[in-house]
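The values are calculated or read from the model by the stated rules, or taken from the named source; none is laboratory data. Please read these numbers as outputs of a predicted model, since none were measured by experiment. Virtual Cβ from ideal backbone geometry, glycine too; neighbours counted across all protein chains shown.
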Amino acid sequence: MSLSAYVPIVALFALAAAFALGSVGVSLVVGPKRFNRAKHAAYECGIESSPQPVGGGRFPIKFYLTAMLFIIFDIEIIFLYPWAVTFDALGLFGFVEMILFIATVFVAYAYVWRRGGLNWD
């Protein structure tokens, strides 16, 4: 295999690098240069920190649980895509294995649904 097959890939990487470096360079030249003390201070989302949480020490985990559920069901899609691409080559064994996989994920989905994990209060 000759190296000429890699020329388009190298050109694409060079174009992406030139665009990234060019964007940073242009922003340095064209961007505003008004500095003050507030801009140089560390940014902490504008809220003064306090030693105790607002809710009295309890931290709601709704967002964490939602993110974890998204990751779990997103991984299912990641496993389904290669299976769909090679469906014909896998035959009956691949079909049965994917049915078992989907059934397992569906049981987990039903469990989360029954426990109220999908309710957004």
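Would you pick out the residues in the stretch 82-102 that are under 30 Å from Thr66 (Cβ atoms) and over 25 Å from the mean Cα position of the chain (by Cα)?
Glu97, Ile99, Leu100
I'm checking my understanding of the structure. Among residues of the stretch 30-76 that are of a type in the set (Gly, Ala, Ser) and under 27 Å from the mean Cα position of the chain (by Cα), which one is modelled with the highest pLDDT?
Result: Ala67.
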